[in-house]
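The values are calculated or read from the model by the stated rules, or taken from the named source; none is laboratory data. Every value quoted in this text rests on a predicted model; they were computed, and no experiment measured them. Glycine also receives a Cβ, built like all others from the backbone with ideal geometry; neighbour counts cover every protein chain displayed. Just so you know, the surface numbers come from the protein's heavy atoms only, side chains and all, with ligands and any DNA or RNA stripped out. Shrake-Rupley method; radii C 1.70, N 1.55, O 1.52, S 1.80 Å.
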Amino acid sequence: MENAQNEVMKTILHRRAIRRFEEKQIEEAKLQQILQAGLYAPSAGGRQGVLFVVCQDQEVNERLGKIKRANSKPKMATAASYVSKEQPSIADDVTLTNAFYDAPTVITMFAPKNFLFAVEDCAVAAENMMLAADALGIGSCYIGAGWTAFADPYGQEILKKWGVRTDYYGVMQLLLGYPRKGDEHPTPKPRKEDRIIRV
Ligand SMILES: Cc1cc2nc3c(=O)[nH]c(=O)nc-3n(C[C@H](O)[C@H](O)[C@H](O)COP(=O)(O)O)c2cc1C
């Protein structure tokens with residue numbers, strides 16, 4: 001495939017959701033590049049409304065990840081419909097207690113509550129960032145329903161501490177960290193056929 005020779009295409013094909021991380025923090029220069037990829041993402045109407053809150057405080061990330069886990073459905077997958085065999089998600093594995101999988105960097109992306117394209121704006125920024133991360137050798141995982149991490153008094157206190165505007169909400173989290181040795185690259189599931197309709 002001619003496109004596969006292109007560096008961007010290679011990165012798109014290589015990126016995977018990573019759920020097992022090394023303790024080692026990512027370098028500041030790499031974090032800055034990943035954030036820049038987010039800042040340069042498209043946004044509806046060119047509003048640039050997404051706020052990126054970067055938390056590298058292990059204790060805070062663990063508490064928020066546990067709150068989120070407590071607010072998640074315990075098991076959505078069946079034996080045949082797992083998320084990942086190699087790196088199970090909380091949807092597969094009831095023994096996981098931290099929805100952030102102990103990632104050393106957790107970025108919560110906030111957007112205005114009353115904005116039609118809040119989720120889309122965060123999602124396109126996240127994809128830019130995940131691709132930038134992969135290109136830098138850093139693993140990432142998109143975590144949906146970001147607001148559930150703040151759904152208790154501790155979470156609310158953290159939002160105040162971070163100074164997040166009350167008319168914004170946490171759309172999602174982006175986990176970043178070095179993939180644990182031996183767990184660098186989970187096998188992608190085969191692509192489902194017949195999803196492209198040429199008319
Ligand atoms: C909208 C959205 C929400 C997601 N939420 C979670 C999540 O809460 N926890 C998690 O471990 N992975 C989450 N993921 C990651 C997916 O599980 C992952 O992308 C999928 O299993 C495919 O694997 P791949 O990214 O390696 O191709 C989410 C992905 C998307 C796009």
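Among all residue pairs at least 6 apart or on different chains, which show Cβ distances below 7 Å where the first residue, located in region 56-72, is farther than 17 Å from residue 144 by Cα and the second is assigned to a helix (DSSP H, G or I) and not aromatic (Phe, Trp, Tyr)?
60/158
Give the residues of region 94-144 that are within 12 Å of the ligand (Cβ to nearest atom), under 19 Å from residue 180 (Cα atoms) and open to solvent by 40 Å² or more (accessible area, probe 1.4 Å), sorted by residue number.
Listed by number, the residues that qualify are 96, 142.
Answer yes or no: is there a residue in region 30-47 that is in a loop (DSSP other than H, G, I, E, B) and without any contact (Cβ under 8 Å) to a residue 40 or more places away in the chain.
No, there is no match, as no residue in region 30-47 is in a loop (DSSP other than H, G, I, E, B) and without any contact (Cβ under 8 Å) to a residue 40 or more places away in the chain.
Testing residue 79 on (1) within 12 Å of the ligand (Cβ to nearest atom); (2) over 13 Å from the mean Cα position of the chain (by Cα); (3) part of a loop (DSSP other than H, G, I, E, B), one condition comes back false. Which one is that?
It is condition (1) that residue 79 fails.
Here are the criteria: (1) open to solvent by 50 Å² or more (accessible area, probe 1.4 Å); (2) within 19 Å of residue 65 (Cα to Cα). Tell me which single one residue 181 does not satisfy.
Going through (1) open to solvent by 50 Å² or more (accessible area, probe 1.4 Å); (2) within 19 Å of residue 65 (Cα to Cα) one by one, residue 181 breaks only (2).
For region 160-182, name all the residues that are more than 17 Å from residue 38 (Cβ to Cβ) and within 12 Å of the ligand (Cβ to nearest atom).
Of everything in region 160-182, just one residue is more than 17 Å from residue 38 (Cβ to Cβ) and within 12 Å of the ligand (Cβ to nearest atom), namely 179.
Would you be able to say whether some residue in region 12-25 is more than 13 Å from the ligand (Cβ to nearest atom) and either assigned to a helix (DSSP H, G or I) or surrounded by 11 or more Cβ atoms within 10 Å (Cβ to Cβ) (or both)?
Checked against the condition, which is being more than 13 Å from the ligand (Cβ to nearest atom) and either assigned to a helix (DSSP H, G or I) or surrounded by 11 or more Cβ atoms within 10 Å (Cβ to Cβ) (or both), region 12-25 yields at least one hit.
Tell me, please, whether a residue that is open to solvent by less than 10 Å² (accessible area, probe 1.4 Å) and in a helix (DSSP H, G or I) can be found in region 156-168.
yes
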